[in-house]
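Have a look at the structure below before the remarks.
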Amino acid sequence: MTVRVNKDSFNLREKLSGLERPIGLKGSEMMRSETAQDARNLVGAGRKNMVINGDMRVFQRGNSGNVPNTGTYFLDRFQARNNTAGTLYITQQSSAAGPPGFRSWLLAQCDGADTSVGASDYARIQQYIEGYNCFMDWGYGNTDHVTASFWVKSNRIGTYCFQIEDSTGIPLYCQEYVIERSDVWQKIVLVIPPPPSGTWRGADSGVGARLTWTLMAGSSHPTTANVWQTNYGMRTTGHVNFMDNANNNFYLTGVQLEVGKNATDFEYRSYAEELALCQRYYQNTNGNLSYAGINYGETAYAGWQYDASSGSTRIRLPVQMRTNPSASIVGTVTNNPGTDGTIGIYGNAGWMNATGITATETSPLSFRVNVTGLSGSGKDAFGLYFYGTYLTANVRLVAEL
């Protein structure tokens, strides 16, 4: 006996299309991935952000101020330079008014206008990326695309330039982005193709890549967008003059550079981890957080007196620095310490006098503090005390790129 069942016809293409809907756009892209690496790039799995302090939380220096005509660090890992007739001021701000997921940002303010742009004028913000942190294959494979993403806000709307450069500044790849609305946070996503050449470093502690946000540049710094260049420049035709009004503000946060053609969600790291990453390039003895006005009291170290008037102590660093740092001591040695910015040396039975204090013999993991002209109540050993509210008495160690 034969049983035959008939079913109405249906549109197979329509049914297959409907099956894709529950998985969403990203799910559809995942299913079309040709390799495991393609899928990994789509979801942003693993460590990916080559930028340190991209969410602008770490502010060890507490260095708010006018930007000079030299590369000067303000927020950790971000330096700025102002080669204009105007005044550019940079600081960190923190509040709940940032873009989604961010509470801190870099603020650049034009505090003195330059409306007549000289040919060689420029103002810019940069981050140098260490070679060890360049995850792309540039310099030996040159096949990886990278994606830069960041949040910006400004009351000076118009066209700006962002670029990635090798350790020497060339080759470079510039891309334009447009701030479309005044004082509204806007996410920028820029995809950069691999370079044809360059001295990108992927396995050493030198400069591997440089990221540049141009605020203003004169006619001596031209470049072309969306093509690799072998001549240095910082602006395309039509770039705004951010320095044309003393009320202009530029906000930046959420900076990420990752391998691939997709901007994935920002990689948040704990504050402790982000601070340690920053301390590879800059440390201070007070170990301050990023907010001024908090009284950290004193930081103390044990030392020894090796002759009648001299002593020293070696201080081990919590994080290994990139290279032997330069060291400088900030503060005043006194036999009556305790106020901000004072340094005290406590001997056998009281505070001692000293004529000098220096930091020397630095290594990536430690440095030595020498005190000279010791007199007073000391015997063999002493305690070295730094007193400060926010960086007024400390040892500063710098191993920037």
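Observations
- Accessible area expressed per residue, the chain, with surrounding protein chains retained (probe 1.4 Å, Å²): 46
- Value at 222 nm in deg cm²/dmol, rounded to 500, when DSSP H runs of n ≥ 4 in the chain each add -39,500 (n - 2.57): -2500 deg cm²/dmol
- Note, ³J(HN,Hα) from phi for segment 202-212, Karplus 6.51, -1.76, 1.60, rounded to Hz, x at Gly and Pro: x, 8, 8, 9, x, 6, x, 7, 10, 9, 10
- Alpha-carbon centroids, segment 79-102 and segment 331-375: separation in whole Å: 36
- When all alpha carbon pairs of segment 181-265 are counted in 5 Å bins from zero, the resulting P(r) reads 2, 9, 16, 20, 21, 18, 8, 4, 1 %.
- Tail fraction, Cα-Cα pairs, segment 101-197, threshold 19 Å, whole percent: 54
- Judged by the mean number of other Cβ atoms found within 10 Å, the most tightly packed of the peptides 239-246, 326-333, 182-189, 147-154 leads the ranking 147-154, 239-246, 326-333, 182-189.
- Calculated SAXS-style log₁₀ I(q)/I(0) at q = 0.07, 0.11 Å⁻¹ - the chain, Debye, Cα scatterers: -0.43, -0.88
- Extending 7 Å from Cα along the Cβ direction at R316 and again at N226 yields two label points whose distance is 5.6 nm.
- Net charge of the neighbourhood of I90, taken over other residues with C-beta under 14 Å away and scored Lys/Arg +1, Asp/Glu -1, is +2.
- Point-charge dipole on Cβ atoms (K/R +1, D/E -1) for segment 168-275, about Cα centre, debye to 20: 280
- Apportionment of accessible area to carbon and sulfur, the chain, percent (1.4 Å): 48
- Selection among N11, F102, G303 by position relative to the dipole of the chain gives N11 as farthest towards the positive end (Cβ unit charges, Cα centre).
- Think of each Lys and Arg Cβ as +1 and each Asp and Glu Cβ as -1; about the Cα centre, that makes the dipole of the chain roughly 720 debye.
- Ordering S366, V395, S154 by Cα displacement along the dipole of the chain toward the positive end leaves S154 in first place; charges were set at the Cβ atoms of Lys, Arg (+1) and Asp, Glu (-1).
- Volume in Å³ per residue [convex hull over Cα atoms, computed for segment 180-337]: 250
- Cα→Cβ-extended label distance, 7 Å offset, between S64 and A276, nm: 3.0
The values are calculated or read from the model by the stated rules, or taken from the named source; none is laboratory data. Note that the coordinates shown come from a computational prediction; the quantities given were computed from them, not determined experimentally. Neighbour counts are summed over all protein chains in view; Cβ atoms, including those assigned to glycine, are modelled from backbone coordinates with ideal geometry. Each accessible area value is taken on the protein alone, full model and side chains, heavy atoms only, with ligands, DNA and RNA left out. Shrake-Rupley method; radii C 1.70, N 1.55, O 1.52, S 1.80 Å.
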